[in-house]
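S.K.: I have a structure I would like to understand better, so I am pasting it below and will then ask my questions one at a time.
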Amino acid sequence: MAPHDVRRPFKRPAISDQQRRRDLSLLRQAQNRRDAQHQARCLASSVLSLQTQTPEPVPELEIELVEEPESKPEEESESLKKDLDVCQASKLKGAEARKWFASQLMLPEWMIDVPDRLTHDWYVLARPAGKRCIVVSSNGTTVSRLRNGSVLHHFPSALPCGARTRDQSGSSQSYCILDCIFHESDQTYYVIDMVCWRGYSLYDCTAEFRFFWLNSKLAETGASDSPSRYHKFRFSPVAVFNCDPSGLYAAYTGVVSYVKDGLLFYNKHAHYQTGSTPLALVWKDEHCSQYVIDTDGKGDIPSQQQVVLELQDDGKLSTSDDPPVVFGCLDRDFIQRSELHFGSFLKFAIGDGGLSFVDGKLEKADLHYLGKTNRARIFADSYSKVIFQYMVRHVPLKFDDLLASVSSSNDQENKTSDVEMVG
Amino acid sequence: MAMEITQFLLAAQSADANIRNKAENNLRQLQQQNLPGFLLSLSFELANNGKPTESRTLAGIVLKNSLDAKDVSTKEALVKQWMAIDISCKSQIKDLVLRTLSSPVPEASHTSAQVIAKIASIEIPQKLWPELIQSLLTTMTQQDSPASLKQATLETLGYVCEEISHEDLVQEEVNAVLTAVVQGMNLAEHSAEVRLAATKALYNALDFAHNNFQNEMERTYIMKMVCETARSKETDIRQAAFECLVSIASTYYDVLEPYMQTLFELTSNAVKRDEEAVALQAIEFWSSICDEEIELQEFENPESEDSSSSHSHFIEKARSSLVPMLLETLLKQEEDQDQDDSIWNISMAGGTCLGLVARTVGDEIVPLVMPFVEANIMNPDWRCREAATYAFGSILEGPTIEKLAPLVQTGLEFLLNAMRDENNQVKDTTAWTLSRIFELLHCPANGFSVISPDNLQQVLSVLLESIKDAPNVAEKVCGAIYYVAQGYEDAGSSSSLVSPYITTIIAELLRTADRTDGGDSKLRFSAYETLNEVVRCCNISETSQIIAELLPAIMSRLDQTLQLHIISSDDREKQGDLQASLCGVLQVIIQKFSSTDDTKSIILQAADQIMVLFLRVFACRSSTVHEEAMLAIGSLAYATGPEFAKYMPDFYQYLQMGLQNSEEYQVCSITVGVVGDICRALDNKVLPYCDGIMSLLLNDLSSSHLHRSVKPPILSCFGDIALAIGEHFEKYVPSTLQMMQDAAKACAQLDSNDEEMVDYGNQLRRSIFEAYSGILQGFKNAKPEVMLPYAQHLLQFIEVVFRDRQRDESVTKAAVAVLGDLADALGPNTKILFKDFAFFPEFLGECLQSEDEQIKETAGWTQGMIGRVMVS
């Protein structure tokens, strides 16, 4: 029989530094693997590197661009039809990066007719007036960017990883992306959608889930608290209602802390789709918005509706939609005489002949050429915008129409008619 | 059929190497030409009383080695070989070896006992030798069996029990074996040789006696016999009996209550008066009782009545007599016992047991030990001072900080002064006690430390002075510095306290590493390990300049090892050890610097030179790669990122070598980890190397030689590779997924009663999920359809894991993540599948309610991913 082989460690620390090195390496590798997989799971992770790689100031040209949508909020359904995937996007610099950012927001179409099942499948909220921006918190700082990618604020916030404070846990891969409107007078970011939370992408989640997540998570962090040293701006959720009569009414008439600029409608089942989408809609009238009819560069309302269209190579004038909607055609002589180039954006007034429709489709438009647009402009108007503006001037879609459409379909199954926050 | 082999067997033991080699060749040839005949010849040789003892013994050993080997895969091959032999030949061999047990030549009978046990280890589990136990027992009950035969038979029973599992015998067989063995211990009937053999056999048979120990009458009988045997007049029999008691203490702790009074007297007499070999076992008995009670306390489940009722509090009840007995032993030190690692004596065993008692009873140990400490610590006799210090050091783990803090705070000053004692052993133990104090009572991050801004300077100046003392003392001082440094890890502003001393500490440690007066390399090793901890725990923003200067110093030392003149294999080993220490330090520095953006550039600037050194270290050896250099390269790849690509052409051969090193599985495992680091660093630039890497990994995974602990990391590594190279992983999918499915199947076959296997199963499951995650995410943007055929299997596997009650949190996390990855990558294609697998809402629900934030977040994301699929 072998001797009892108990040679218990005597006066020796029970450590092996080599084992410790192995263990720590394994720990680091496990952490790195988790981060790598995590990053792969998060579509927009490259937003992070973009944000740190593009610290240079925004050139003048872009700043002009900022002004325009500010005075006429949310008028374009522009979408950079660049199929950049996130991996490529992370390598972009400067202006390219800003362009990419510009295409990261979901842009609602204008409501020109009432969708079916509005009361069952849609949410409604009162849209705050202000600057639409994308807010990214990561690595101990928070950056908000306007739709053109230029930086609005760079600040500490109580969002996860939004400030350099001791108690921030989680890896550097943890970050958040919020879709917000910055409301100037109370210096508050109103969060209208949540795109990523703590590194988890919500792009491919339904609006139902996103709003639920937004409401439960935002409150947890203290981001809705009043500003403090490590939390420069308040982030406030916006009340979201089921689009039944009482919800619609509450959104329309309810008293809120911000100036309203129309109503936003979200299809509950739709994902966060960047660029223009018919699954999110915007509508407004004089009661809930200061800017119902578009103004010109000086802030005045022109006597005739103006539209911006793109000149195609066959002389057709089209909207920014995909596929484009054709409003008219210019003949070759006129193009040559006026020294116009294909792809340029031209401004027209809609004359007394107006727009005529057959079977709900545009048949004819009475266009009068006004001139070329500001060179900084990169998109034509969208079809829904032109039609909405046209309707505002002639046969507006009234709030009562909306209310009527939700009331008529409301009688059967819908019991949750109380004013109700989602989540 | 049998051959004449005596001459070869004798020649194989010749002093002349030529004759020996030739004979060994002849034997090998015979074995290869006709294995059954050869084995039969060996048995004839062993059984033949007319042959010389030497050839018989060697025949037995060769026979034994043809049945068993240490290496698992060799052993499997040998077992297959044996199974293939004709049955009549095998029974002839078995008869011959059984017959040899009665040989009057003890060497022959002893060797045949071992051979029988090896055959039994193959055949008994398969029920191929049912008559063996009976025939051995018959020998024992025959009145006329000579004592030598009984002795050999008991030996055989002992060996057989050692080889097989208790499940291989039916209860009647167990009963008969135990009866035969215990009767063999009977003083009145048997000679000392028989009783010794019986006692040793009982030691091996104890594991079989679970049912017998549940029966009070049988248990009491066995205990009575063991206790009687423990009072035999022959020392070796007493020792063997005490070894049985040690084994009983851990195997049958829960039924010992009625015997404890007797056992206390028995062990206490042995400790005080018996020979050291016996006394050591008597102390070990109490150490084993402590082990049991500590385990019961650590795993105590307050909700379960069972665990608390099985705790008998033997130590607590015996403490007032047990502790003085142990304190006595501390005074029996040997001179210079600290100079020799192979010494194990009664004072060391007693001190170790005292430490275990402290961990068992906690605060209650303090009043029992402190009077002894106070009475002896100033005694002119060094033995008293050493024993008092050792007693104090031993009880530092167990009692609460509240109880110890005042004692240690007053004692610290005394101990620091005692580092100037005239006696080496006293200083050795004092330094060890200081290291225990700093390990256990210096934790500024948790708000308590015996080291304050007021005494830090004194502590360090004593330690840095004493590190120049004799090598054994210096080594313990290194341990003390290690724990001083460790206490300041993550200690916030407290860590600044030690920053002003870092330069001096590093300089002294480097000087200590250079000392040549140590008999072996232990002191140098300790100095470098302590240096690592100092670097790891220092406040980087305050000391980055100092560490930046340490980097070239270590690099130049590593460079010097490459200039060493290597003549002997001993030189080679020393060079390797030194390189290991230095690569270790470099790894720690790399990791420290790459942890912050401000310091990362220091590594990037030195990366080329560091890599050249590592490559040269690799080049020092021809067939193996240097483990520590490999570990360090992983950190370097992490630090350099895509830049690492330029080192790949030179490094790749060593990467291959590491992946092929299944013998030193730690090296292989570390290399697999480095592959992961490189994938993350290089991304798709790793593609040119993937064919080679994948084939080696697949090879490793299917190898039966490779230690199983490497297999989960390999699976995870598949995920790393797939994530890096995306759609290019397609060609590896068939073979890789097959392996992953096999691994998933293997999980189900692991023994769920074996804690170690449960752990392993969890690792395996987590790794399979990580592999799927990496592969799914890798294909997501390019070719998700490649993974479609595997989706169902994955969901089935997740469901199995979900229902597994032994699933740990890390597995849950990986499972819920891969569920989301599946939906994310494959999209609407999985809609029907998800509808089929109704378990997932339940699983998500469980995860969403988890306490673990990460699991909750991941589950939320997965819910979103699946939700998207379901509405599509």
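The values are calculated or read from the model by the stated rules, or taken from the named source; none is laboratory data. Predicted model, so just to flag it, every value in this text is computed and none were measured. Neighbour counts run over all protein chains shown; Cβ positions are idealised from the backbone, glycine included.
S.K.: Would you check which residues across the stretch B:583-595 are more than 9 Å from chain A (Cβ to nearest Cβ) and either aromatic (Phe, Trp, Tyr) or assigned to a helix (DSSP H, G or I) (or both) and list them? First the steps, then the outcome.
M.R.: Filtering the stretch B:583-595 for residues more than 9 Å from chain A (Cβ to nearest Cβ) gives B:583, B:585-586, B:589-590, B:592-595.
Within the stretch B:583-595, B:Cys583, B:Val585, B:Leu586, B:Ile589, B:Ile590, B:Lys592, B:Phe593 qualify.
S.K.: Let me ask something else. Of the residues B:Thr179, B:Thr156, B:Thr139, only one is buried (at least 23 other Cβ atoms within 10 Å of the Cβ) and in contact with a helix residue (DSSP H, G or I) (Cβ under 9 Å, 6 or more places away or on another chain); which? Spell out how you get there, then give the answer.
M.R.: On the way: B:Thr179 fails: buried (at least 23 other Cβ atoms within 10 Å of the Cβ); B:Thr139 fails: buried (at least 23 other Cβ atoms within 10 Å of the Cβ).
Of B:Thr179, B:Thr156, B:Thr139, the one residue that is buried (at least 23 other Cβ atoms within 10 Å of the Cβ) and in contact with a helix residue (DSSP H, G or I) (Cβ under 9 Å, 6 or more places away or on another chain) is B:Thr156.
S.K.: Same structure, new question: Could you list, in sequence order, the residues of the stretch A:209-254 that are over 27 Å from A:Lys284 (Cα atoms), outside any helix (DSSP H, G or I) and not hydroxyl-bearing (Ser, Thr, Tyr)?
M.R.: Those that are over 27 Å from A:Lys284 (Cα atoms), outside any helix (DSSP H, G or I) and not hydroxyl-bearing (Ser, Thr, Tyr): A:Gly222, A:Ala223, A:Asp225, A:Pro227, A:Arg229, A:His231, A:Lys232, A:Phe233.
S.K.: Let me ask something else. Given the criterion part of a helix (DSSP H, G or I), of a type in the set (Lys, Arg) and surrounded by 19 or more Cβ atoms within 10 Å (Cβ to Cβ), identify the matching residue among B:Arg28, B:Arg20, B:Arg56. Explain how you work it out, then say what you get.
M.R.: Working: B:Arg28 fails: surrounded by 19 or more Cβ atoms within 10 Å (Cβ to Cβ); B:Arg20 fails: surrounded by 19 or more Cβ atoms within 10 Å (Cβ to Cβ).
Exactly one of B:Arg28, B:Arg20, B:Arg56 is part of a helix (DSSP H, G or I), of a type in the set (Lys, Arg) and surrounded by 19 or more Cβ atoms within 10 Å (Cβ to Cβ), namely B:Arg56.
S.K.: Also, quick follow-up: Hey, among B:Cys690, B:Cys717, which residue is crowded, with 17+ Cβ neighbours inside 10 Å, within 13 Å of another protein chain (Cβ to nearest Cβ) and modelled with pLDDT of 95 or more?
M.R.: Matching residue, one of B:Cys690, B:Cys717: B:Cys717.
S.K.: With respect to the numbered conditions (1) under 20 Å from A:Arg21 (Cα atoms); (2) in contact with a Gly (Cβ under 6 Å, 6 or more places away or on another chain); (3) within 11 Å of chain A (Cβ to nearest Cβ), which one is the sole condition not fulfilled by B:Leu723?
M.R.: Result: B:Leu723 fails condition (1) only.
S.K.: For the subset of the stretch B:434-473 comprising residues that are hydrophobic (A, V, I, L, M, F, W, C) and within 14 Å of chain A (Cβ to nearest Cβ), which member is surrounded by the most Cβ atoms within 10 Å (Cβ to Cβ)? Write out each step before concluding.
M.R.: Going through the stretch B:434-473, the residues hydrophobic (A, V, I, L, M, F, W, C) turn out to be B:434, B:437-438, B:440-441, B:443, B:445, B:448, B:450-451, B:456, B:459-460, B:462-464, B:467, B:470, B:473.
Pick out the ones that are also within 14 Å of chain A (Cβ to nearest Cβ) and you get B:434, B:437-438, B:440, B:445, B:473.
Details: B:Leu434: 29, B:Ile437: 25, B:Phe438: 25, B:Leu440: 17, B:Ala445: 14, B:Val473: 25.
Within the stretch B:434-473, the match that is surrounded by the most Cβ atoms within 10 Å (Cβ to Cβ) is B:Leu434.
S.K.: Which residue is farthest from the other protein chains (Cβ to nearest Cβ), if the candidates are limited to the stretch B:339-348 and must be part of a loop (DSSP other than H, G, I, E, B) and touching a residue at least 40 places away in the same chain (Cβ under 8 Å)?
M.R.: Taking the stretch B:339-348 and keeping what is part of a loop (DSSP other than H, G, I, E, B), we get B:340-345.
Checking which are touching a residue at least 40 places away in the same chain (Cβ under 8 Å) leaves us with B:344-345.
Details: B:Trp344: 6, B:Asn345: 10 Å.
Only one residue tops the list, namely B:Asn345.
S.K.: Filter the stretch B:532-569 down to residues that are of a type in the set (A, V, I, L, M, F, W, C) and touching a Gly at 6+ places or on another chain (Cβ under 9 Å), then give me how many there are. It would help to see each step written out before you state the result.
M.R.: Initially, the stretch B:532-569 is screened for residues of a type in the set (A, V, I, L, M, F, W, C), giving B:534-535, B:537-538, B:540, B:546-548, B:550-551, B:553-555, B:558, B:562, B:564, B:566-567.
Those left that are additionally touching a Gly at 6+ places or on another chain (Cβ under 9 Å): B:537.
Total meeting the criteria: 1.
S.K.: Can you tell me which of B:Lys80, B:Lys118 is part of a helix (DSSP H, G or I) and touching a Phe, Trp or Tyr at 6+ places or on another chain (Cβ under 9 Å)? Show your work before the answer.
M.R.: Working: B:Lys80 fails: touching a Phe, Trp or Tyr at 6+ places or on another chain (Cβ under 9 Å).
Going through B:Lys80, B:Lys118 in turn, just one is part of a helix (DSSP H, G or I) and touching a Phe, Trp or Tyr at 6+ places or on another chain (Cβ under 9 Å): B:Lys118.
S.K.: Can you find even one residue in the stretch A:280-299 that is at pLDDT 85 or above, within 14 Å of chain B (Cβ to nearest Cβ) and out of contact with any strand residue (DSSP E or B) (no Cβ under 7 Å at 6 or more places or on another chain)?
M.R.: Among the residues of the stretch A:280-299, not one is at pLDDT 85 or above, within 14 Å of chain B (Cβ to nearest Cβ) and out of contact with any strand residue (DSSP E or B) (no Cβ under 7 Å at 6 or more places or on another chain), which makes the answer no.
S.K.: Every residue in the stretch B:388-420 that is surrounded by 21 or more Cβ atoms within 10 Å (Cβ to Cβ), within 26 Å of B:Ala318 (Cα to Cα) and more than 31 Å from the chain's Cα centre (by Cα), please.
M.R.: Within the stretch B:388-420, B:Ala388, B:Leu404 meet the criteria.
S.K.: Would you confirm whether any residue within the stretch A:208-217 is in contact with a helix residue (DSSP H, G or I) (Cβ under 7 Å, 6 or more places away or on another chain), modelled with pLDDT of 85 or more and more than 14 Å from chain B (Cβ to nearest Cβ)?
M.R.: No, the stretch A:208-217 contains no residue that is in contact with a helix residue (DSSP H, G or I) (Cβ under 7 Å, 6 or more places away or on another chain), modelled with pLDDT of 85 or more and more than 14 Å from chain B (Cβ to nearest Cβ).
S.K.: What's the total number of residues in the stretch A:332-348 that are at pLDDT 85 or above and part of a loop (DSSP other than H, G, I, E, B)?
M.R.: Counting residues in the stretch A:332-348 that are at pLDDT 85 or above and part of a loop (DSSP other than H, G, I, E, B) gives 0.
S.K.: Would you be able to tell me the number of residues in the stretch B:646-687 that are in contact with a helix residue (DSSP H, G or I) (Cβ under 7 Å, 6 or more places away or on another chain), under 20 Å from B:Leu615 (Cβ atoms), of a type in the set (A, V, I, L, M) and away from chain A (no Cβ under 14 Å)?
M.R.: 3
S.K.: Moving on to the next point. Please count how many residues of the stretch B:244-283 are crowded, with 23+ Cβ neighbours inside 10 Å, within 28 Å of the chain's Cα centre (by Cα) and not hydrophobic (A, V, I, L, M, F, W, C).
M.R.: Counting residues in the stretch B:244-283 that are crowded, with 23+ Cβ neighbours inside 10 Å, within 28 Å of the chain's Cα centre (by Cα) and not hydrophobic (A, V, I, L, M, F, W, C) gives 1.
S.K.: Would you kindly identify the helices (runs of 4 or more DSSP H) lying entirely within the stretch B:797-872 that contain at least 2 residues that are polar (S, T, N, Q), within 14 Å of another protein chain (Cβ to nearest Cβ) and crowded, with 21+ Cβ neighbours inside 10 Å?
M.R.: Working: elements: B:809-826, B:831-836, B:840-848, B:853-871.
In the stretch B:797-872, the matching helices (runs of 4 or more DSSP H) lie at B:853-871.
S.K.: Among the numbered conditions (1) more than 14 Å from chain A (Cβ to nearest Cβ); (2) assigned to a helix (DSSP H, G or I), tell me where B:Val625 comes up short.
M.R.: So B:Val625 meets the others, but not (2).
S.K.: Follow-up question, since we're still on this one. Can you spot a residue in the stretch B:496-503 that is of a type in the set (Phe, Trp, Tyr) and either within 13 Å of chain A (Cβ to nearest Cβ) or closer than 22 Å to A:Asp23 by Cα (or both)?
M.R.: Going through the stretch B:496-503, the residues of a type in the set (Phe, Trp, Tyr) turn out to be B:501.
Cutting the leftovers down to either within 13 Å of chain A (Cβ to nearest Cβ) or closer than 22 Å to A:Asp23 by Cα (or both) gives us none.
Within the stretch B:496-503 (the criterion being of a type in the set (Phe, Trp, Tyr) and either within 13 Å of chain A (Cβ to nearest Cβ) or closer than 22 Å to A:Asp23 by Cα (or both)), the answer is no, since none of the residues qualifies.
S.K.: Could you please let me know if B:Ala580 is away from chain A (no Cβ under 12 Å) and surrounded by 14 or more Cβ atoms within 10 Å (Cβ to Cβ)?
M.R.: Values: away from chain A (no Cβ under 12 Å): no; surrounded by 14 or more Cβ atoms within 10 Å (Cβ to Cβ): yes.
It is false that B:Ala580 is away from chain A (no Cβ under 12 Å) and surrounded by 14 or more Cβ atoms within 10 Å (Cβ to Cβ).
S.K.: Can you find a residue in the stretch B:542-556 that is surrounded by fewer than 22 Cβ atoms within 10 Å (Cβ to Cβ), out of contact with any Pro (no Cβ under 8 Å at 6 or more places or on another chain) and part of a loop (DSSP other than H, G, I, E, B)?
M.R.: Looking for residues that are surrounded by fewer than 22 Cβ atoms within 10 Å (Cβ to Cβ), out of contact with any Pro (no Cβ under 8 Å at 6 or more places or on another chain) and part of a loop (DSSP other than H, G, I, E, B), one finds none in the stretch B:542-556, hence no.
S.K.: Here's something else I'd like to know. Checking B:Ala201 against (1) without any contact (Cβ under 8 Å) to a residue 40 or more places away in the chain; (2) within 14 Å of chain A (Cβ to nearest Cβ): exactly one of these is not met. Which one?
M.R.: (1)
S.K.: Residues to consider are B:Val675, B:Val733, B:Val710; find the one that is in contact (Cβ under 8 Å) with a residue 40 or more places away in the chain and either hydroxyl-bearing (Ser, Thr, Tyr) or touching a Ser or Thr at 6+ places or on another chain (Cβ under 8 Å) (or both).
M.R.: Numbers: B:Val675 fails: either hydroxyl-bearing (Ser, Thr, Tyr) or touching a Ser or Thr at 6+ places or on another chain (Cβ under 8 Å) (or both); B:Val733 fails: either hydroxyl-bearing (Ser, Thr, Tyr) or touching a Ser or Thr at 6+ places or on another chain (Cβ under 8 Å) (or both).
Only one candidate passes the filter, namely B:Val710.
S.K.: Also: Whether any residue in the stretch A:267-279 is over 26 Å from A:His394 (Cβ atoms), outside any strand (DSSP E or B), away from chain B (no Cβ under 14 Å) and touching a residue at least 40 places away in the same chain (Cβ under 8 Å) is what I want to check.
M.R.: Yes, because at least one residue in the stretch A:267-279 is over 26 Å from A:His394 (Cβ atoms), outside any strand (DSSP E or B), away from chain B (no Cβ under 14 Å) and touching a residue at least 40 places away in the same chain (Cβ under 8 Å).
S.K.: Moving to a separate point now. I'd like the full set of residues that are farther than 23 Å from B:Glu756 by Cα and out of contact with any helix residue (DSSP H, G or I) (no Cβ under 8 Å at 6 or more places or on another chain), limited to the stretch B:800-817.
M.R.: We begin by selecting, within the stretch B:800-817, every residue farther than 23 Å from B:Glu756 by Cα; these are B:816-817.
Selection gives nothing.
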